[in-house]
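The structure appears below as structure tokens.
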Amino acid sequence: MSKTDDSKDPNDSAVASPAPRRRAKSARRPGAQIDLREALEAPIRVKRDGELTSMHPYEAMLRQHVRRSLVEKRIDSIEVVLGEAETHKLIKEPPPGPTGGIFIVPKNLPEAIERQIFDDPDYAEGKPSSFSRMLALLRTVIDVERLRRCFSGQRN
């Protein structure tokens, strides 16, 4: 007979520890592929105003960059937001500056002529108004020399 050590209890946890549990492998179908586009474009859940809502990942990314650029004043986020705005043509070109010179409306014009000058329907709608019409009205009450001074910006 062989000698065995009967002093150790087989139920002792230090001696007989169970084998570590392993995570069961998920059953994959052979040849199954992950649709990467679907995974990247799937809506994500975000917390807004204390509620969970679904949002497109692009919108979440853009909102995060806007927050960082406004709150944290991060230059890299500002560049991303401006780049996206430029890509999607959200930035409008500034309107062209005034092309004409300065014209000073002479003092002491009759009220009827002033009303005709400033009540021009084209001017009210933002369209270019007819300057020749205004000059014809002014020519009825002032001489050519005074009209020339109005164009050069000189005072009486």
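Observations, loosely collected:
- Projecting the Cα positions of Ala136, Cys150, Pro121 onto the charge dipole of segment 111-152 (unit charges on Cβ atoms of Lys, Arg, Asp and Glu, taken about the Cα centre) puts Cys150 furthest along the positive direction.
- The overall shape of segment 38-87, judged from the alpha-carbon gyration tensor, is oblate: a/c is not under 1.5, and a/b is no greater than b/c.
- The stretch between Arg37 and Ile142, if pulled fully straight at 0.36 nm per residue, gains 30.3 nm over its current Cα-Cα span.
- Quotient of the Cα radius of gyration of segment 111-152 and 2.2 N^0.38 Å, N being its number of residues: 1.22.
- Cβ-Cβ distance of Ala112 and Glu51, R₀ of 41 Å, FRET efficiency by 1/(1 + (r/R0)^6): the value works out to about 0.05.
Each reported figure results from applying straightforward, stated rules to the coordinates on display, with no laboratory input. Because the structure is a prediction, the values reported are computed rather than measured. Neighbour counts run over all protein chains shown; Cβ positions are idealised from the backbone, glycine included.
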